[in-house]
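Taken together, the values in this text are just the output of simple stated rules run on the coordinates, not laboratory data. Everything quoted here is computed from the prediction, not taken from an experiment. Virtual Cβ from ideal backbone geometry, glycine too; neighbours counted across all protein chains shown.
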Amino acid sequence: MTKRYPGHPDILLPKYKASVFINGCFWHCHEGCHDFVLPKSSQDYWEPKLEKNRNRDEKNYAALRKEGWNVFVVWECELKKATRDGQLEQLYLKITK
């Protein structure tokens, strides 16, 4: 079902017009996150690759918003055991408000 939507959201909740992406901190360039560190080797490969991922994400989020969807991004680091319950509670509240 989600493959027909821009960016292929991980979770779609049509009742709330909510699309949820669960993003890996490295692959989606989670700025300010200690889990995102640009590799020191092969930077001529990694910088454009990761920037392309970031640009594609923004384009997909904009397309979903244009279609009337609310876009929520959950980062990999937010799902670690110490913070998971609180983060998911906050997500639930944002989606259902």
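Computed packing ranks the peptides 70-77, 33-40 as 70-77, 33-40, most packed first, by mean other Cβ atoms within 10 Å.
In the structure shown, the pairs Lys52/Lys94; Lys40/Lys66; Lys59/Lys94; Lys40/Lys80; Lys17/Lys40; Lys17/Lys80 are assessed against 31 Å; a Cα-Cα span above that value is assigned to Lys40/Lys66; Lys17/Lys40. A Gaussian network model of the chain, with springs between Cα atoms under 10 Å, assigns the largest mean-square fluctuation among Asp44, Asp85, Asp57 to Asp44. Taking 0.36 nm per residue of separation and subtracting the Cα-Cα distance, full extension of the segment from Lys66 to Cys33 would add 9.0 nm. Compared with the dominant principal axis of the Cα atoms in the chain, helix 43-66 is inclined by about 20°.
Kirkwood-type hydrodynamic radius, segment 18-96: 13.9 Å, calculated from all non-identical alpha-carbon pairs. Label positions at Arg4 and Glu58, each projected 7 Å from the Cα along the C-beta direction, are separated by 3.0 nm. Against the chain, whose longest principal axis is taken from its Cα atoms, helix 84-96 shows a tilt of about 50°. What you get for the chain, charging only the Cβ of Lys and Arg (+1) and of Asp and Glu (-1), is a dipole of about 460 debye around the Cα centre. Relative contact order, whole percent, for segment 18-96 stands at 43, derived from Cα pairs under 8 Å and 6 or more residues apart. Placing a label point 7 Å from the Cα of Leu79 along the Cα-to-Cβ direction, the residues of segment 17-46 whose backbone N falls under 14 Å from that point are 20-28.
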